[in-house]
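Student: Okay, here's the structure, questions in a sec.
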């Protein structure tokens, strides 16, 4: 009997109850009512767990377990005691034959034994039995009694019979029947009957036949277990499929991560939870992250050295050095320069006016044109001369009075955002951000 070479192992996560059918592959909606799991495909195969002989023998699974052995390249199933090779299910099974030379019992690995005491003398040992051709170890119990032409020819040759074709017809040597009358073994072929007296070889094989029957029954029982395991697996997978279909219908998708939820914080226990949490969810305790710090800033003062002191209730005070932002001395220095420039310009103008007044007093003619002249200032030498000067006039050296900085500060305004704008005559205006010095809010 051939065994079905299929074993299914499914780990279905996230579904607590199993009461459905599962169809995997093609035509997922078409599943037999008696199936718990069905596989259907025209271009894909089911791959079993792949183990070496050593790996397979190192585990003891449930009865009915199936694996693919990569050493024997065959499927093996576990009968509760040992692993069996399904590839040897046709024509024989590989079993261990052993002999106990104390009890004279010949035993077959999977059950069945024969007491050979009545056939053996008390002095017969295992070595004697092996000398007679019995080999202790693995044996193939072959239930196929049909001999091939090659096997018949080999048998005849080994027993001294003619093996060459005599009549030219190879088909008339084919055995058509075989029988045993208690003394003679009779073989019938196209040329008639051949008989051999084998009474001396007579042996009571009842025990062996009984063992074979026992083994056959055991194999049939194992097959029944395998069939039941397959049926149980089909029913379990079908139940899973029903639950999965129900879940998909209710959830509208197969994703376990996109379920809508919201956050809820309990102000008393400080527990953060989900409104649509999964089963067993405990939330997060935020007690260690809730601050009880409710201090107030007490004061903020700016010292004469531009150091800002900030005081906090029940905590450490801090100071900030704002001296780099203090520019009153710089502004005063600029104003001093401007004042000096104005004084120098006034003195120079007064000198020129005095010289002009003296000239007018000395000029006694009534001509309005012969003294007309203009002033000329040499930008390189700073010499002020007249374009129509009298003979020998040398002009006036203004080097000591000429300043390159004769602008006036026009205005200085402070905006609502504490920005100081300083405007200078004939130059670029500047602004200074004094917001860090603004203490009205403090």
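The values are calculated or read from the model by the stated rules, or taken from the named source; none is laboratory data. Because the structure is a prediction, the values reported are computed rather than measured. Reconstructed Cβ throughout: ideal geometry from the backbone, glycine too, with neighbour counts over all protein chains shown.
Student: Can you pull out every residue in the stretch 334-362 that is within 24 Å of residue 421 (Cβ to Cβ) and at pLDDT below 80?
Tutor: 334
Student: Let me ask another. Any chance the stretch 204-211 includes a residue that's more than 29 Å from residue 83 (Cα to Cα) and surrounded by fewer than 17 Cβ atoms within 10 Å (Cβ to Cβ)? I'd like the intermediate steps shown before the answer.
Tutor: Residues of the stretch 204-211 more than 29 Å from residue 83 (Cα to Cα): 204.
Right, trim to surrounded by fewer than 17 Cβ atoms within 10 Å (Cβ to Cβ) and you get 204.
Yes, the conditions are met somewhere in the stretch 204-211.
Student: Taking into account only those residues within the stretch 318-347 that are in a helix (DSSP H, G or I) and in contact with a strand residue (DSSP E or B) (Cβ under 9 Å, 6 or more places away or on another chain), which is surrounded by the fewest Cβ atoms within 10 Å (Cβ to Cβ)?
Tutor: Taking the stretch 318-347 first, the residues in a helix (DSSP H, G or I) are 323-325, 328-347.
Imposing the further condition that a residue be in contact with a strand residue (DSSP E or B) (Cβ under 9 Å, 6 or more places away or on another chain) reduces the set to 323, 325, 331, 334-335, 338.
Values: 323: 9, 325: 14, 331: 14, 334: 17, 335: 12, 338: 17.
My answer is 323.
Student: Between a residue in the stretch 260-278 that is free of Cβ contacts under 8 Å to residues at least 12 places away in the same chain and any residue that is surrounded by 13 or more Cβ atoms within 10 Å (Cβ to Cβ) and not in a strand (DSSP E or B), which pairs come within a Cβ distance under 9 Å, given they are 6 or more apart or on different chains?
Tutor: 264/283; 266/283; 273/283
Student: Let me ask something additional. Give the residues of the stretch 42-59 that are part of a loop (DSSP other than H, G, I, E, B), surrounded by 11 or more Cβ atoms within 10 Å (Cβ to Cβ) and free of Cβ contacts under 8 Å to residues at least 24 places away in the same chain, sorted by residue number.
Tutor: Of all residues in the stretch 42-59, those part of a loop (DSSP other than H, G, I, E, B) come to 42-49, 52, 58-59.
Next cut, surrounded by 11 or more Cβ atoms within 10 Å (Cβ to Cβ) only: 44, 46, 48-49, 52, 59.
Hits for the stretch 42-59 are 44, 52, 59.
Student: With the structure loaded, tell me whether residue 234 is at negative phi, surrounded by 15 or more Cβ atoms within 10 Å (Cβ to Cβ) and modelled with pLDDT of 85 or more or whether it fails that test. Step through it out loud before you land on a result.
Tutor: Details: at negative phi: yes; surrounded by 15 or more Cβ atoms within 10 Å (Cβ to Cβ): yes; modelled with pLDDT of 85 or more: yes.
Here the answer is yes, as residue 234 does meet what is asked.
Student: Now for a different question. Which one is nearest to residue 433 (Cα to Cα), of the residues in the stretch 281-314 that are assigned to a loop (DSSP other than H, G, I, E, B), more than 47 Å from the chain's Cα centre (by Cα) and modelled with pLDDT under 80?
Tutor: Keep residues of the stretch 281-314 that are assigned to a loop (DSSP other than H, G, I, E, B), which gives 281-283, 286, 290-296, 303-306, 313-314.
When the remaining residues are screened for being more than 47 Å from the chain's Cα centre (by Cα), the result is 296, 303-306, 313-314.
If we keep only those that are modelled with pLDDT under 80 too, we end up with 296, 304-306, 313-314.
Working: 296: 28, 304: 19, 305: 18, 306: 15, 313: 30, 314: 32 Å.
Across the stretch 281-314, the extreme among qualifying residues is 306.
Student: When you scan the stretch 425-441, do you find a residue that is more than 30 Å from residue 320 (Cβ to Cβ), touching a strand residue (DSSP E or B) at 6+ places or on another chain (Cβ under 9 Å) and modelled with pLDDT under 80, even just one?
Tutor: Keep residues of the stretch 425-441 that are more than 30 Å from residue 320 (Cβ to Cβ), which gives 425-428.
This time we only want the ones that are touching a strand residue (DSSP E or B) at 6+ places or on another chain (Cβ under 9 Å), so: 425.
Adding the requirement that they be modelled with pLDDT under 80 leaves 425.
Yes, the stretch 425-441 has at least one match.
Student: If you go through the stretch 325-345, how many residues are in contact (Cβ under 8 Å) with a residue 12 or more places away in the chain and under 30 Å from residue 435 (Cβ atoms)?
Tutor: 8
Student: Look at residue 199 and say whether it is exposed (fewer than 15 other Cβ atoms within 10 Å of the Cβ), more than 30 Å from residue 82 (Cβ to Cβ) and at pLDDT 75 or above. Reasoning before the result, please.
Tutor: On the way: exposed (fewer than 15 other Cβ atoms within 10 Å of the Cβ): yes; more than 30 Å from residue 82 (Cβ to Cβ): yes; at pLDDT 75 or above: no.
Here the answer is no, as residue 199 does not meet what is asked.
Student: Select, from 94, 110, the only residue that is in contact with a helix residue (DSSP H, G or I) (Cβ under 6 Å, 6 or more places away or on another chain), under 30 Å from residue 232 (Cα atoms), loosely packed, with under 15 Cβ neighbours inside 10 Å and at pLDDT below 95. If you could, list the steps in order and put the result at the bottom.
Tutor: On the way: 110 fails: loosely packed, with under 15 Cβ neighbours inside 10 Å.
Among 94, 110, only 94 is in contact with a helix residue (DSSP H, G or I) (Cβ under 6 Å, 6 or more places away or on another chain), under 30 Å from residue 232 (Cα atoms), loosely packed, with under 15 Cβ neighbours inside 10 Å and at pLDDT below 95.
Student: Another question, then. Pull out all pairs, ordered by first then second residue, where Cβ-Cβ is under 7 Å, the residues are six or more apart or on different chains, the first lies in the stretch 369-389 and is at positive phi and modelled with pLDDT under 80, and the second is exposed (fewer than 11 other Cβ atoms within 10 Å of the Cβ) and not in a strand (DSSP E or B).
Tutor: Sorted first by the residue in the stretch 369-389, then by its partner, the pairs are 382/399.
Student: Select from the stretch 237-275 the residues that are surrounded by fewer than 10 Cβ atoms within 10 Å (Cβ to Cβ) and farther than 26 Å from residue 23 by Cα and write down the one among them that is modelled with the lowest pLDDT.
Tutor: Restricting to residues being surrounded by fewer than 10 Cβ atoms within 10 Å (Cβ to Cβ) and farther than 26 Å from residue 23 by Cα, the top hit is 260.
Student: Could you list, in sequence order, all residues of the stretch 31-41 that are in a strand (DSSP E or B) and over 9 Å from residue 21 (Cα atoms)? Break it down into steps so the answer makes sense when it comes.
Tutor: So in the stretch 31-41, the residues in a strand (DSSP E or B) come out as 37-40.
Within the stretch 31-41, 39, 40 qualify.
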